[in-house]
1. Given the options Gly42, Asn73, Phe29, identify the residue whose Cα lies farthest towards the positive end of the charge dipole of the chain (+1 on Cβ of Lys, Arg; -1 on Cβ of Asp, Glu).
2. Can you work out D for segment 19-121 in µm² s⁻¹ from Stokes-Einstein, where Rh is the Kirkwood radius over C-alpha pairs, the temperature is 37 °C and the viscosity is 0.692 mPa s?
3. Can you pull out the trypsin sites (Lys or Arg not before Pro) in segment 20-62 whose DSSP state is coil and whose Cβ has at most 12 other Cβ atoms within 10 Å?
4. Looking at segment 55-107, which trypsin sites (Lys or Arg not before Pro) are DSSP coil and have at most 16 other C-beta atoms within 10 Å of their C-beta?
5. Report the one residue of Ser53, Met82, Tyr93 whose Cα lies farthest in the direction of the positive end of the charge dipole of the chain (charges on C-beta: Lys and Arg +1, Asp and Glu -1; origin at the Cα centre).
6. Give me the number: length gained by fully extending Thr68 to Val109, i.e. 0.36 nm times residue separation minus the C-alpha to C-alpha distance, one decimal in nm.
7. Just want to confirm a number: the relative contact order over the chain, from Cα pairs under 8 angstrom separated by 6+ residues, in percent.
8. Run the dipole for the chain about the Cα centre, Lys and Arg Cβ at +1, Asp and Glu Cβ at -1, nothing else charged, and hand back the magnitude in debye, nearest 20.
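The values are calculated or read from the model by the stated rules, or taken from the named source; none is laboratory data. The structure presented is a predicted model; accordingly, all values stated were derived computationally and were not measured. Note that each Cβ is placed from the backbone with ideal geometry, even for glycine, and that neighbours are counted across all protein chains shown. Quick note on the areas: whole protein, heavy atoms, side chains included, nothing else; ligands and nucleic acids left out. Shrake-Rupley method; radii C 1.70, N 1.55, O 1.52, S 1.80 Å.
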Amino acid sequence: QVQLVESGGGLVQPGGSLRLSCVASGSIFSINAMNWYRQAPGKQREVVATITSGGSTNYADSVKGRFTISRDNAKNTVFLQMNSLKPEDTAVYYCNQHIKTQQRGPFYVYWGQGTQVSVSS
């Protein structure tokens, strides 16, 4: 069984910063991609940032230059540093990780429970 636990959300003023974390635990053999998504009220879930096992990153246009995704492979953790936050960044943020639980098994996608980020003055 694999679990992902997110933390770091909260209420912040426009222009402020937050750092989200997502830790995977359980029966983990290896992890491939790690990703952050968000879902604002009344909107579809959208990808925010992705990072491959090799460290290559990709960002949604709306967050480029403001958000940074990183990972700590030894701790099965992915981070999202969010700077210069705007009210339109308000959403529930979810992480997912592509995890293999056995050497010869496939990668499955596991999701965290979500963490609320609210940007308001």
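1. Towards the positive end, the residue furthest out is Phe29.
2. Result for D is 232 µm²/s.
3. Lys43
4. In loop regions of segment 55-107 (DSSP not H, G, I, E or B), the sparsely surrounded trypsin sites (Lys or Arg not before Pro) are Lys64, Arg66, Arg104.
5. Ser53
6. Result for the pair: 12.6 nm of gain on full extension.
7. 36 percent
8. Here the chain has a charge dipole of around 180 debye.
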